[in-house]
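Shown next, in structure tokens, is the structure this report addresses.
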């Protein structure tokens, strides 16, 4: 991993993400690119060129000044940090920056405080997740250490999940955690028999691991009324340090997360989450 992109708005949540990015960067000898989006209004951009340029320079210098204070952190010592200021106004454009800078990972903080569906659906974080072509790591709380021992990789084990599965294994090599492969079986029209689930999972693992089915012992089938409830129930049970989820990109996560979830599950959303594009 050569480059980590961290979008920042100079908030505490941005700093949570930056610190985690620093931990990873030190272990991987990676560069951190911190991105701040000015988001200049149309009122400024539609002024005459001279005035527009003057105001743009003012805001850029203001951002540079804030960078100086924000990046004055001991945990960044020894890490190459590159600053980027763009006049993007929508978070979906972060993907363009990630491609331009050839970033391998996006780490960003989330202000969401209620439920994984709240974190993603309708939030700036989801806009990044929907468009990002590289993995996105979402951090919601300060972390003194970033130790990843128990990881839940949740998917439906369709063949389209092979790429994110391999990418997840690659990302997790640094931490060497226990990986729990989770399938959530839903009632009613989505219900599948044990034999059907077993056949699907074995076919997936056979293709994923070149005929090796050793990881089948790592698969957990959780029966629940919604996918998100199943994920959080199991994650809470094993005290998971991270949840990894494949996503269809621009289709968002609404196809995967739906329905209401209990307060106990909502409170469990401080777990770091990685999304991987299918």
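Brief remarks follow.
- Among the residues making up the stretch 25-36, those that are surrounded by fewer than 20 Cβ atoms within 10 Å (Cβ to Cβ) and within 13 Å of residue 105 (Cα to Cα) are 28, 31.
- Elements of type strands (runs of 3 or more DSSP E) contained in the stretch 165-255, each with 2 or more residues being over 30 Å from residue 28 (Cα atoms): 178-185, 219-223
- Unmet criterion (only one of (1) at pLDDT below 90; (2) within 28 Å of residue 12 (Cα to Cα)) for residue 172: (1)
- Annotation: of all residues in the stretch 101-131 being modelled with pLDDT under 85, in a loop (DSSP other than H, G, I, E, B) and in contact with a strand residue (DSSP E or B) (Cβ under 9 Å, 6 or more places away or on another chain), the one that is surrounded by the fewest Cβ atoms within 10 Å (Cβ to Cβ) is 112.
- Residue in the stretch 37-54 that is within 23 Å of the chain's Cα centre (by Cα), within 28 Å of residue 107 (Cα to Cα), at pLDDT 70 or above and in a strand (DSSP E or B) present: yes
- Unique residue being more than 25 Å from residue 1 (Cα to Cα) and more than 24 Å from the chain's Cα centre (by Cα) when the list is 196, 222: 196
- Hits in the stretch 1-15 - residues which are closer than 15 Å to residue 31 by Cβ, outside any strand (DSSP E or B) and in contact with a helix residue (DSSP H, G or I) (Cβ under 6 Å, 6 or more places away or on another chain): 1
- Residue match in the stretch 194-207 (condition: farther than 30 Å from residue 23 by Cα, surrounded by 12 or more Cβ atoms within 10 Å (Cβ to Cβ) and in contact with a helix residue (DSSP H, G or I) (Cβ under 6 Å, 6 or more places away or on another chain)): yes
- Residues in the stretch 132-189 that are touching a residue at least 60 places away in the same chain (Cβ under 8 Å), in the same structural domain as residue 203 (by TED's automatic domain parsing) and within 12 Å of residue 246 (Cβ to Cβ): 153, 154, 155, 160, 161, 163, 164, 165, 167, 168.
The values are calculated or read from the model by the stated rules, or taken from the named source; none is laboratory data. Everything quoted here is computed from the prediction, not taken from an experiment. Positions of Cβ are backbone-derived with ideal geometry, glycine not excepted, and every protein chain shown enters the neighbour counts.
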